[in-house]
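Report on the following structure.
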Amino acid sequence: MIYEPIGVYSKNAYHIPELSASVHSFEELCYVIKERLYDLGDFLLKDELLSFIKLNLALPDLSDSLAEEAPDIAGYVKTLFSYRHYMSEDAVADICKTLKDGTSEMEFIRLISRGDFLSENKKYRSAILLYEHARELMDEGDERDGLKYKELMNKLGKLYALYFMFEKAAECFSTAGDERRTFFCRKLTMSRVEYVDMLLKQHPDEGLSKEVEEMTREPAEISELKEGLKDKSYGSRLATARLCSRLKAEYRRIG
């Protein structure tokens, strides 16, 4: 069954910069608001949006009803979702309850939601700043033991790892209780010698010791290069240049 949309589909979109979204219809407006519930603010009460609903969507009665709800965001959302039975009364009641229950947490939840949006759109640096701000607010509010805090730390860890900041990433994953990612990031912060030394302490074994000795042995090419640098003759310099060129080519191939 195909439902007839409420209002009209406007050729000219209304852009909501605070939500980084553009809407052409009543249904799109409802969808954006429902998905970004904790990001809502007074910008919904702008005359421009009410005018768009009234003129572009041809819903003057809805525009007038929404104007009467200012400055109550919960009332605004209830009026919007209840319009022409767009959503059931129970669904609208649940959404309004979610808004009211989250009042004390609103700020850090908004920050996390905004950070999620930026992260999804590959604005990773900005997302990190918002996540860190949310983390500070949650620390001040003694929210460290909650599941949401661990989820936030996991998100932060992934973004730090993207920028090769593995020490920070390991700290975040550790706080989130993700031992596997914590170990992996710790490994990436170590030199090869430090890593194998850690393995030996955790799993002392004669066979592993031989393997570690093999892993930490200086590559033959590096030994050859060091010897060549000691010799100042033309032939040695030429051989060294060739060796350096070969090592660079090999490095580029690996990269």
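No value in this document is a laboratory result; all are computed from the given coordinates. All values reported here derive from a predicted model rather than from experimental measurement. Glycine also receives a Cβ, built like all others from the backbone with ideal geometry; neighbour counts cover every protein chain displayed.
Anisotropy class assigned to the stretch 14-92 is rounded, per the alpha carbon gyration tensor with a/c under the 1.5 cut-off. Distances between placed amide hydrogens fall under 5 Å for LEU59 paired with LYS54, all partners being 5 or more residues away or on another chain. Sites listed here are chymotrypsin sites (Phe, Trp or Tyr not before Pro) in the stretch 15-68 whose DSSP assignment is loop and whose Cβ has at most 12 other Cβ atoms within 10 Å, and the list is empty. Shape class for the stretch 31-160: prolate, because the ratio a/c of the largest to smallest gyration tensor axis (alpha-carbon atoms, square roots of eigenvalues) is 1.5 or more and a/b beats b/c. Computed over neighbours whose Cβ is under 13 Å from that of VAL8, the net charge equals -1, Lys and Arg +1, Asp and Glu -1.
Each of the peptides 116-126, 166-176, 57-67 was scored by the mean count of other Cβ atoms within 10 Å over its residues; in descending order, highest first, they stand as 166-176, 57-67, 116-126.
Residues whose amide H falls under 5 Å from that of ALA21, counting only those 5 or more places apart or on a different chain, are ILE16, with hydrogens built in the peptide plane. Taking a ≥ b ≥ c as the square roots of the eigenvalues of the Cα gyration tensor, the stretch 106-189 is classed as oblate, since a/c reaches at least 1.5 and a/b does not exceed b/c.
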